[in-house]
1. Please indicate, with yes or no, whether at least one residue in the range 106-119 is at pLDDT 95 or above and charged (D, E, K, R).
2. Looking at (1) under 30 Å from residue 70 (Cα atoms); (2) without any contact (Cβ under 8 Å) to a residue 60 or more places away in the chain, can you tell me which one residue 153 breaks?
3. Any residue that is at positive phi and touching a residue at least 12 places away in the same chain (Cβ under 8 Å) - is there at least one of those in the range 137-148?
4. Are any residues in the range 56-89 β-branched (Val, Ile, Thr), in a helix (DSSP H, G or I) and touching a residue at least 40 places away in the same chain (Cβ under 8 Å), and if so, which ones?
5. Filter the range 54-111 down to residues that are of a type in the set (Lys, Arg) and under 12 Å from the mean Cα position of the chain (by Cα) and give me whichever is surrounded by the fewest Cβ atoms within 10 Å (Cβ to Cβ).
6. Touching a strand residue (DSSP E or B) at 6+ places or on another chain (Cβ under 6 Å), of a type outside the set (A, V, I, L, M), surrounded by fewer than 15 Cβ atoms within 10 Å (Cβ to Cβ) and under 19 Å from residue 194 (Cα atoms) - does that describe any residue in the range 112-123?
7. Out of everything in the range 92-122 that is in contact (Cβ under 8 Å) with a residue 40 or more places away in the chain and acidic (Asp, Glu), what residue ends up being nearest to residue 65 (Cα to Cα)?
8. Could you please find all residues in the range 36-79 being among the hydroxyl-bearing types (Ser, Thr, Tyr) and at pLDDT 80 or above?
Amino acid sequence: MSYPVSLAVEPATENRNRLTTVFRLILAIPHLILVGGVGIGFASHNHNASFSEGGLLGAVAFVLAVVSWFTIVIAGTHIVGIRQFTLFYLRWRVRAQAYFMLLADPYPPFGDAPYPASIDVVDPVDARNRLTVFFRILLAIPQLIVLAFVLLAWCITTIIAWFSILFTGAYPSGLFEFGVGVLRWQTRVEAYLLLLVDEYPPFSLD
């Protein structure tokens, strides 16, 4: 069965925008403030991580996830408004991260709008699994450990890709697919931690 969180990024390996690539970190600052950079900030021991990695909206999503933890464990209910906001945040975050990670050149919209990077989350059909929600943070620890090493590898490959785009205008296809896989993996783990899904994320880039 496919995982209920799917992510797609339109291929963009040729004729990349060298100018925006040079200044990508600066250009991405407004989005970094709002929805954060690469990484799962609220899983960090850094008390400022919710703002540095998840951005301002990520901090709100974290607080709402705490509220949802109680509503799901006690009543088996994920409040619709909270779920909708969390999905809104995650969609925005995916678009901003795809831009920051050099996977797409168009400037991401502030909020919901079409973009070369998109995410789809299937709503749970069955009753929520209160037991796995109760132990969600503990269950996610193996994912967070492995993902930390994957993100380290991504940092190295993205530096290589940055120079490749500057000198050749192309993002090596193998590194591009790896970057998309890293974003997909991270997004699935984040959706799991934010209580959008109960299925355990696969240890996979696919």
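1. no
2. Checking residue 153 against (1) under 30 Å from residue 70 (Cα atoms); (2) without any contact (Cβ under 8 Å) to a residue 60 or more places away in the chain, the one that fails is (1).
3. Taking the range 137-148 as the starting set, the residues that turn out to be at positive phi are none.
No, the conditions are met nowhere in the range 137-148.
4. Within the range 56-89, 72, 73, 86 qualify.
5. Just the residues of the range 54-111 that are of a type in the set (Lys, Arg), to begin with: 83, 91, 93, 95.
Remaining after also requiring under 12 Å from the mean Cα position of the chain (by Cα): 91, 93, 95.
Details: 91: 21, 93: 26, 95: 28.
Filtering the range 54-111 for residues that are of a type in the set (Lys, Arg) and under 12 Å from the mean Cα position of the chain (by Cα), the one surrounded by the fewest Cβ atoms within 10 Å (Cβ to Cβ) comes out as 91.
6. Yes; the residues of the range 112-123 include at least one that is touching a strand residue (DSSP E or B) at 6+ places or on another chain (Cβ under 6 Å), of a type outside the set (A, V, I, L, M), surrounded by fewer than 15 Cβ atoms within 10 Å (Cβ to Cβ) and under 19 Å from residue 194 (Cα atoms).
7. Filtering the range 92-122 for residues that are in contact (Cβ under 8 Å) with a residue 40 or more places away in the chain and acidic (Asp, Glu), the one nearest to residue 65 (Cα to Cα) comes out as 120.
8. Going residue by residue through the range 36-79, those that are among the hydroxyl-bearing types (Ser, Thr, Tyr) are 44, 50, 52, 68, 71, 77.
68, 71, 77, listed by residue number.
The values are calculated or read from the model by the stated rules, or taken from the named source; none is laboratory data. This structure is a prediction, so every number in the text was calculated from the model and none was measured. Using ideal geometry, Cβ is built from the backbone for each residue, glycine included, and neighbour counts are taken over all protein chains shown.
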